[in-house]
1. Grab the Cα-Cα distance for THR21 and SER44, subtract it from 0.36 nm times how many residues apart they are, and report the gain in nm with one decimal.
2. Provide the gained length on full extension for the span GLN97 to GLU144, in nm with one decimal, where the gain is 0.36 nm per separating residue minus the Cα-Cα distance.
3. Would you mind putting 46-55, 81-90 in packing order, based on average other-beta-carbon counts within 10 Å, highest first?
Amino acid sequence: MLPMTTHNQPTTAQLWRMQFTSTPKCVPLVRKQVGKQLVGWGYSTDDTDRVLLVCSELATNAVQHGHSPGHLFEVFVSARGSHCLIEVSDASRRPPQPVEAAVSDEHGRGLLLVATLAEETGHRARSPIGKTVWARLLLNPPKEESDT
C-alpha cells in the first residue's frame, strides 16, 4: 500500500491580535508588529508590503475617526495559505465613509486604496461597543519551512 500525500490538505490558519492606544504614533507600531508576524509566517516582501499598507490605512482611520477617550483599537490578522484577513476594530459605531478627494487633497483616499488592494472589504458592528472594518487580500502562499 502506498502512503497518501498531504499536499492538498488545508494549511492551518495563522492568527495574530494586538490592541493599541488610539494615537497617531501607534500606527507605525501596527506596521512594525504586523510586518514582523507576516515575515515570520513566510510571506513575501511584496505581499507583506500590501498587507502593511492596508493595516496602516485602517489603523489610521481607527485613530482619526474611531477614537473614543479611554478606548483602545485592535488589529487582528488571520492568514491561511493565500488568503489574509485584516480586521481593525475601534470604539465608534459610525461606519466608514469613503470620500471623494480632490487632486490637491492630502487625505481621503485610504478606503479607496484599501478597496483597490483587497479582494473584498466591509464592516460590521462590534459588541459591546464600536465597529470592525475588514479587508480580505489574496497573497502568494507563504514559503514552506522546507523551502528555506
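1. Working: separation 23, 0.36 × 23 = 8.28 nm, distance 2.86 nm.
Residue separation times 0.36 nm, minus the Cα-Cα distance, leaves 5.4 nm.
2. Numbers: separation 47, 0.36 × 47 = 16.92 nm, distance 3.92 nm.
Computed gain between GLN97 and GLU144 is 13.0 nm.
3. Details: 46-55: 19.3, 81-90: 21.1.
In descending order of packing, they fall as 81-90, 46-55.
Read-outs throughout are calculated quantities, based only on the coordinates presented, and are distinct from any laboratory measurement. Since this is a predicted model, take the numbers as computed values, not measurements. Here the Cβ is made from the backbone with ideal geometry for all residues, glycine too, and neighbour counts use every protein chain on show.
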